[in-house]
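One structure below.
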Amino acid sequence: QVQLGESGGGLVQAGGSLRLACAASGRSFSSYAMGWFRQAPGKEREFVAAITQSGIITSYGDSVKGRFTISRDNAKNTLYLQMNSLRPEDTAVYYCTADTRGVPTVKRGAGDYWGQGTQVTVSS
């Protein structure tokens, strides 16, 4: 079992950058594929990015490709999301998720574990 806690959200102007972190507690962080989702008010949850257990393979949603980078530090039990060139439409609560079954499961939003979320607000 793993517990997840996001941090790093905040208010930023359009064109700016933020780095989110997701700290994991529990055992065997490196056994989990990890991902980020976001949900804006009145909208469905949206896949943002995912990363394999080793960190070698990553996957991104179309709306963030080329602007966001997912990474992980298995020694620190932490997942990251570097967000550059932020747009007002990136405003949402961002959640991290984890699952031992791999990236396909994470991308479907079917991960077993979820954090509480961190708010990102991008002003125009």
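The values are calculated or read from the model by the stated rules, or taken from the named source; none is laboratory data. Note that the structure is predicted; figures quoted are calculated from it, not measured. Here the Cβ positions follow ideal geometry from the backbone for every residue, glycine too, while neighbour counts run over all protein chains shown. The accessibility values were calculated without ligands, DNA or RNA, using every heavy atom of the protein model including side chains. Shrake-Rupley method; radii C 1.70, N 1.55, O 1.52, S 1.80 Å.
Remarks
- Ligands, DNA and RNA left out, the accessible area of the chain computed with a 1.4 Å probe is 45% carbon and sulfur.
- 12 Å beta-carbon shell around Glu6, net charge (K/R +1, D/E -1): +2
- GluC sites (Glu not before Pro) within the range 1-76: DSSP coil, no more than 13 neighbouring Cβ in 10 Å: Glu44
- Cα gyration tensor, the chain - rounded (a/c under 1.5), prolate or oblate: prolate
- Charged side chains reduced to their Cβ positions (Lys and Arg at +1, Asp and Glu at -1) give the chain a dipole of some 160 debye around its Cα centre.
- Reach of Lys107 by Cα under 16 Å, taken over lysines that are not fewer than 8 positions away in the same chain: Lys65
- Accessible area expressed per residue, the chain, with surrounding protein chains retained (probe 1.4 Å, Å²): 50 Å²
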